[in-house]
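Inspection log for the structure reproduced underneath, given as structure tokens.
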Amino acid sequence: MNGKTVIDAHNISKVYNRETIPVYAVNNVHVHLERGEFTALVGPSGSGKTTLLNLIGGLDRADSGEILVNGIDITKLSGSKLIDFRLHNIGFVFQSFNLIPVLTARENVELIMHLQRMPRAARDQRVKQLFDEIQLSDKLNSRPAELSGGQQQRVAVARALASKPQFVLADEPTANLDSKSAANLLDIMLRLNQEEQITFLFSTHDQRVIERARRVITLVDGKITSDTAPVKVTST
Amino acid sequence: MTMLMRMAWRNIWRNKGRSLVIMASIALGLMAGISILALYKGMIHAKVRTVIDRESGHIQLHHPHFRDDQHPAYTIADTLALNQIRQQPGVQAAAARVVTAGMLTTTSGSAGVNIYGIDPADEQAISKLDKKIREGSYFDTQTRHPIVIGKKLADKMKLKLKSKVVLTFVDTANTMVAAAFRVVAIYESDNAPFDERTVYLLRAQLSGLLSTGRQIHELAVILHRDEELDATASAFSAMFPDLRVETWKEISPETDLMVSTTDQYSYIILVIIMLALAFGIVNTMLMAILERTREIGMLVALGMNKLRLFLLILYETIFLTLLGSPVALICSFLLIRYFNRHGLDLSGFGQEMMKQFGFQNLVYPEFPWDKLAGLVMIVAATAILSGLLPALRALNLKPTEALRK
């Protein structure tokens, strides 16, 4: 970590059923992440992990509080500006991969760069680099249906990194993977984290993943109950 | 091809069966629309040709008051004008007519008729009356007072060849004149009302009865090319400032109106067909959006803005719509070409009705090349309009909700 603040969220709350019986999915939460962190968000089902990730990722609006990403309060951004902000600053990895089935692995990754209007030469270079990193250079032209779950999730990670984001949010990235694929994916994520200082914040139930996180934030009933200090990872 | 177009193209093939059904329905609908346009074009073309080639000619010249009053005294000089007109460039043929309105009486009844006094040889080049003779011979000179009548009138008045009829009308001095004639031929054109009210005599005989001498009432002109109509009419107006010069459009305004309104009707029919198809396209696209809710939510989450998402859905709709179009164009072109060569017999739909409206039973449809731009615009508008609702539905999806689907 180099001490540069990437995420600084204060007093954020998200309430459902505000008019009838209010349910606090996220209740007055503070999250502070610095560049290069590899943080797990843990907690039982319904504790608000996905909601918190959605709020930090700008996919959902907080009812109160402010979320600063690189100093920009994303709660103040308009809908279209928020979409543009996500495109250039945040990478997403979803539990069920969510690759576009009609696009090849390469096109799935290129899509983000197309949306960013990145020149072709830069796209080609980035695609090559990313597929080398996820060790799927031989699967560039495969459709998602032709890839295993683990391979699809690695492509999803490459897609999340394609835009060179400030940080990557991953919602249960290993939930649909077997143990070998999950370990492989974690190796890749940790290597990217260490070598390229990419910040990861991921929700998980998976104990193997939690064990390899350098920081663990525990969420219960929408509140942070513990936040372990970052620990140095000695091996991957 | 951009990434969005590539995605749209591949998306429409995700459910091949559904896409092919909608493409086939668009192709069939468009084919139906093009066929209607072609049929109307063929019918109208035939109708215009009938009016020009078989009835009025391209241009007619009259005394300025004749068409309003039809009094036999409103005459024009025969030889002077006729010879001048025949020498004009672009003129194929010209004929002089003596015209009056009168009453045709037989033992079984009477009927109002328009009586044309013609020179049989000249008239062949104008109205091709000789080609329309169904019974008898074209102005048999053995008969002293020959008359040629239409089949519709013959049926109505129960007249046959050699039947005797009496024509009554007023001459230039407003004196009632009656004369007997014998039917030498019965003609039949594609215009039953025209056949019912038009009879032909020899010009010299009618002139004698009307006391018009060598004066005539009408000069009918056929041109080599339809395109020379307005220019020639203007030239005639300059040459004969004392005469009323009218084109077939003014002589037969109902035909001109038909020409202009049929195009509009054709487009209206096409729009209705495409509108019906649009519901199918909208339904297909809404289904596609519903099936891909999660995927669309993910695209928005990753940073696809509303314009791009809108374009993605719109491209899919446009591809879906336009893919059926070439098939429709090729199939309808081949179909129309076949019937253009062999004719399409519509007598089964009511031979008499067709004739009542002055249409031929055998129609030669013409491919509506002149309306292709309009067709393309209608199809494109259908595609865009059909894409709007599904695109709006997609735009309104919230990524967090869509991702949960």
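Rule-based calculations on the coordinates, nothing more; no lab input. Just so it is clear, the structure is predicted and the values come from calculations on it, not from any experiment. In this analysis, Cβ positions are derived from the backbone assuming ideal geometry, glycine residues included, and neighbour counts consider all displayed protein chains.
The table below gives the values:
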read-out: Hypothetical label at B:V271: residues of the stretch B:1-40 whose amide nitrogen lies under 13 Å (7 Å Cα-Cβ projection); value: none
read-out: Relative contact order of chain A, pairs being alpha-carbon contacts under 8 Å that are 6 or more residues apart, as %; value: 29
read-out: Viscosity 1.567 mPa s, 4 °C: Kirkwood-radius Stokes-Einstein D of the stretch B:295-354 over Cα pairs, µm²/s; value: 82
read-out: √(5λ) per eigenvalue of the Cα gyration tensor, chain B, largest first, Å; value: 63, 22, 16
read-out: Largest to smallest principal axis extent of the C-alpha atoms in the stretch B:70-132, angstrom; value: 48, 32, 14
read-out: Share of pairwise Cα separations in the stretch B:177-282, more than 18 Å, in percent; value: 72
read-out: Spin-label model distance (nm) - B:A238 vs B:A101, 7 Å beyond Cα toward Cβ; value: 3.5
read-out: Partner aspartates and glutamates for A:K4 [C-alpha distance under 12 Å; skip if fewer than 8 residues away on the same chain]; value: A:E34, A:E37
read-out: Partners for A:K139 among lysines (Cα-Cα distance below 30 Å; same-chain residues under 8 apart left out); value: A:K128, A:K164, A:K180, B:K16, B:K405
read-out: Acute angle (nearest 10 degrees) that the helix B:3-12 long axis makes with the longest principal axis of chain B, alpha-carbon atoms; value: 80
read-out: Span from the the stretch B:82-126 Cα centroid across to the the stretch B:134-169 one, whole angstrom; value: 15
read-out: Straight-distance crosslink candidates among lysines, where the alpha carbon sits under 26 Å from B:K131 and sequence neighbours closer than 8 are dropped; value: B:K41, B:K47, B:K151, B:K152, B:K156, B:K158, B:K160, B:K162, B:K164, B:K249, B:K355
read-out: Nearest-20 debye value, the protein assembly as shown charge dipole, Cβ charges on Lys, Arg, Asp, Glu; value: 1440
read-out: Between 0 and 90°, nearest 10: helix A:149-162 axis offset from chain A longest Cα axis; value: 80
read-out: Kirkwood Rh, angstrom, the stretch B:64-242 [1 / mean 1/r, Cα pairs]; value: 16.9
read-out: Mean projected area (nm²) of the alpha-carbon convex hull when the stretch B:294-401 is viewed from all directions; value: 10.1
read-out: Gain upon complete extension [B:I330, B:R49; 0.36 nm per residue less C-alpha separation]; value: 98.4 nm
read-out: Square roots of five times the Cα gyration tensor eigenvalues for the stretch B:1-129, Å; value: 58, 22, 13
read-out: Residue mean of other protein chain beta carbons inside 10 Å, B:302-315; value: 4
read-out: Estimated translational D of the protein assembly as shown in µm²/s (Stokes, Kirkwood radius over Cα pairs; 4 °C; 1.567 mPa s); value: 41
read-out: Extension reserve of the A:K164-A:S226 stretch, reckoned as 0.36 nm per residue once the Cα distance is removed; value: 19.3 nm
read-out: Length-normalised contact order for chain B - Cα pairs under 8 Å, 6+ apart - percent; value: 27
read-out: Whole-percent pair-distance distribution, where bins are 5 Å wide, for the alpha carbons of the stretch A:138-217; value: 3, 14, 27, 26, 19, 9, 2, 0
read-out: Cα-Cα P(r), the stretch A:5-227, percent of pairs per 5 Å interval; value: 1, 7, 15, 19, 20, 16, 12, 7, 3, 1, 0
read-out: Assigned charges on the beta-carbon of Lys, Arg, Asp, Glu; the stretch A:5-227 dipole about Cα centre (debye); value: 440
read-out: Helix A:79-89 vs. chain A, principal-axis angle (Cα, 0 to 90°, nearest 10); value: 60
